[in-house]
Amino acid sequence: MPNTRTNAPRGALVFDTRTLGRQAGSARTQQLTVPAPDDLRLELARVPVGADLHLDVKFEAVTEGVLVTGSATAPLAGECARCLRPLTTSVTASFTELYLYADGRRTHDKHDKHERHAKHDRRNSREWLDEDTEQDDEERYLDGDLLDLEPVLRDAVVLALPMSPLCLQDCPGLCVECGVPLADAGPGHGHDSPDPRWAALEQLGDQPTRRSGAVDLQEG
């Protein structure tokens, strides 16, 4: 039996599928906690690097490769989009991905090469080739017996991050005058002082008026 091991470095999200075998239908599940990789972030929300990332994963052997399904839960850090308070919640992302067997890649590439030539002959279009190449790039392969889950996990978690995170679903935000969080200020919070932008107009209103066309008297 050929050696399918690789010299690539092992990471916390790289799984050895040898115990799964290649008999279609065989499966195993695994629950584990790993440190979160970097770059799981958007502008206002992120998963802290190294935070506990809880995984519930199922690996299932199919004819073409290994089908991976599961979910990941991690703490969420960042700021509320309304009141700028620190977030104290979590994010859960689900994922499903098929990893093709690496030893079938050569056959796939050879067949794909013939298909590309046929497509090129039928339709000599750059857009067609670009679209076809993009579809090929989306396919994932096992590295020998090793399955690197990090790219799939990264895509799933980033897509699950909220673009406008809230500390509470009904967060009232900040007071537009003093900036205090309205959730802390209470329903009676308010400001009696007039808006300073109107002060100049009020001063004009206090000045005495004179009749139109009147002329000031001159001394002497």
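The values are calculated or read from the model by the stated rules, or taken from the named source; none is laboratory data. All figures in this text were calculated on a predicted structure; none of them were measured in a lab. Cβ: placed from backbone, ideal geometry, glycine included. Neighbour counts: every protein chain shown. For the accessible areas, the whole protein counts, side chains as well, though only heavy atoms, and no ligand, DNA or RNA atoms are used. Shrake-Rupley method; radii C 1.70, N 1.55, O 1.52, S 1.80 Å.
Yes/no matrix, rows are residues, columns are (1) at negative phi; (2) in contact (Cβ under 8 Å) with a residue 24 or more places away in the chain; (3) crowded, with 17+ Cβ neighbours inside 10 Å:
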position: Gly144; (1), (2), (3): no, yes, yes
position: Leu149; (1), (2), (3): yes, yes, yes
position: Leu153; (1), (2), (3): yes, yes, yes
position: Ala156; (1), (2), (3): yes, yes, yes
position: Leu159; (1), (2), (3): yes, yes, no
position: Met163; (1), (2), (3): yes, yes, no
position: Glu177; (1), (2), (3): yes, no, no
position: Leu182; (1), (2), (3): yes, yes, no
position: Pro187; (1), (2), (3): yes, no, no
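The set of residues in region 40-51 that are exposed (fewer than 14 other Cβ atoms within 10 Å of the Cβ) and not hydrophobic (A, V, I, L, M, F, W, C) comprises Glu43, Gly50.
Does Thr69 qualify as being closer than 20 Å to Leu159 by Cα, over 18 Å from the mean Cα position of the chain (by Cα), hydroxyl-bearing (Ser, Thr, Tyr) and at pLDDT 90 or above? Answer is yes for this residue. Out of curiosity, is Glu60 under 23 Å from Gln23 (Cβ atoms), free of Cβ contacts under 8 Å to residues at least 60 places away in the same chain, touching a strand residue (DSSP E or B) at 6+ places or on another chain (Cβ under 7 Å) and open to solvent by 70 Å² or more (accessible area, probe 1.4 Å)? Against the criterion (under 23 Å from Gln23 (Cβ atoms), free of Cβ contacts under 8 Å to residues at least 60 places away in the same chain, touching a strand residue (DSSP E or B) at 6+ places or on another chain (Cβ under 7 Å) and open to solvent by 70 Å² or more (accessible area, probe 1.4 Å)), Glu60 does not qualify.
The set of residues in region 92-109 being modelled with pLDDT of 95 or more and not hydroxyl-bearing (Ser, Thr, Tyr) consists of Ala93, Phe95, Glu97, Leu98, Leu100.
In region 27-36 there is no residue that is outside any strand (DSSP E or B), open to solvent by 30 Å² or more (accessible area, probe 1.4 Å) and closer than 20 Å to Thr88 by Cα. Condition first: open to solvent by 10 Å² or more (accessible area, probe 1.4 Å), in contact with an Asp or Glu (Cβ under 9 Å, 6 or more places away or on another chain) and not hydroxyl-bearing (Ser, Thr, Tyr). Now tell me which residues in region 63-82 satisfy that. Correct list: Leu67, Gly70, Pro75, Gly78.
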